[in-house]
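Here is the structure we will look at, set down as structure tokens.
The values are calculated or read from the model by the stated rules, or taken from the named source; none is laboratory data. All values derive from a computational prediction rather than experimental measurement. Neighbour counts run over all protein chains shown; Cβ positions are idealised from the backbone, glycine included. All accessible areas refer to the heavy atoms of the entire protein, side chains included, with ligands and DNA or RNA removed. Shrake-Rupley method; radii C 1.70, N 1.55, O 1.52, S 1.80 Å.
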Amino acid sequence: MPVPPQEEGTTRRQLLQLLRTEGDRSILELSKALGITEMGVRRHIQTLERDGFIQSSLFRQAMGRPSYRYSLTELADELFPKNYPHLTLDLLAELEEQDGGSEMVDKLFDGRRGKLEAKYRERMTDKSLGERVAELASIQNAGGYMADWELEPDGTYKLYERNCPIAQVANRYRQACRCEERLFRDLLGADVERTECFADGGQRCTYAIRPDPQRAEAARIAE
């Protein structure tokens, strides 16, 4: 998630909101709408461009010199409210109400698990278990799970997820948790046990990971 502008935040939030609601604008138009000088607008624009929230495009007019117009980038879109979890829950609930809906929901989660396994399988190739755990933590971090890991004296790896981006979905549909656990087993070729879970009231999701020769061989063959 991008970090919203903090310094002089009110004016910059107003500028971003204006571009969101009104579309691309010139410096002059922004100056009039915000009630600040063009120099002030340029200073805010420079900061927001540097941070990746605003982009410029050259606008050629029939008469006069070309001028720049400013619009939001895809990154800036993440600064505005989203309702993805509620939409997902509504869609899953609608699916669940259909004939055979529960089985369809199970297949949906399992299908997602299979796609993720296929996507990340190559990143586990020719790695030791410790290296796979580190790679898995990196994958989960990219997904917003705030993951880290450690090796305990008895040889057990512990993987910690300190955030759950799909918490609202997982609280209602525990298939999400079960599929994640299975995904980890298949990717790591190891015995994976979830010992703590956000959805059960835990402070984090914790996985205990131990070598499993049979799973390791199955994972090697799958590669």
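A few notes on this one:
- Qualifying positions in the range 59-74 - exposed (fewer than 14 other Cβ atoms within 10 Å of the Cβ) and modelled with pLDDT of 90 or more: TYR68
- Sole exception among (1) out of contact with any helix residue (DSSP H, G or I) (no Cβ under 6 Å at 6 or more places or on another chain); (2) surrounded by 11 or more Cβ atoms within 10 Å (Cβ to Cβ) for GLU96, by number: (1)
- Of the residues LYS82, LYS119, the single one that is under 30 Å from PRO165 (Cβ atoms), modelled with pLDDT of 95 or more and open to solvent by 40 Å² or more (accessible area, probe 1.4 Å) is LYS119.
- Only one of the numbered conditions (1) in contact with a strand residue (DSSP E or B) (Cβ under 8 Å, 6 or more places away or on another chain); (2) surrounded by 14 or more Cβ atoms within 10 Å (Cβ to Cβ); (3) among the hydroxyl-bearing types (Ser, Thr, Tyr) is violated by TYR173, and that is (1).
- Look at the range 80-94: where a residue is more than 25 Å from ARG13 (Cα to Cα), no partner that is of a type in the set (Phe, Trp, Tyr) and open to solvent by 60 Å² or more (accessible area, probe 1.4 Å) sits 6+ places away or on another chain with Cβ atoms under 8 Å.
- Subset of the range 186-223 (residues that are open to solvent by 60 Å² or more (accessible area, probe 1.4 Å), among the polar types (S, T, N, Q) and at pLDDT 90 or above): THR195, GLN203
- Test: residue in the range 13-32 that is open to solvent by 60 Å² or more (accessible area, probe 1.4 Å), within 30 Å of GLN168 (Cβ to Cβ) and touching a Pro at 6+ places or on another chain (Cβ under 6 Å): no
- Some residue of the range 127-143 being open to solvent by less than 70 Å² (accessible area, probe 1.4 Å) and modelled with pLDDT under 95: yes
- Qualifying residue in the range 178-199 (condition: within 17 Å of ARG113 (Cβ to Cβ), free of Cβ contacts under 8 Å to residues at least 60 places away in the same chain, among the hydrophobic types (A, V, I, L, M, F, W, C) and outside any helix (DSSP H, G or I)): yes
- Selection within the range 34-75 - under 13 Å from ARG12 (Cα atoms) and part of a loop (DSSP other than H, G, I, E, B): GLY35, ILE36, ASP51, PHE53
- Cβ-Cβ contacts under 6 Å between residues 6 or more apart (or on different chains), taken from a first residue in the range 17-33 that is in a loop (DSSP other than H, G, I, E, B) to a second residue that is surrounded by 16 or more Cβ atoms within 10 Å (Cβ to Cβ) and among the β-branched types (Val, Ile, Thr), are absent.
- Yes/no for LEU91 being within 30 Å of ALA176 (Cα to Cα), outside any loop (DSSP other than H, G, I, E, B), open to solvent by 80 Å² or more (accessible area, probe 1.4 Å) and hydrophobic (A, V, I, L, M, F, W, C): yes
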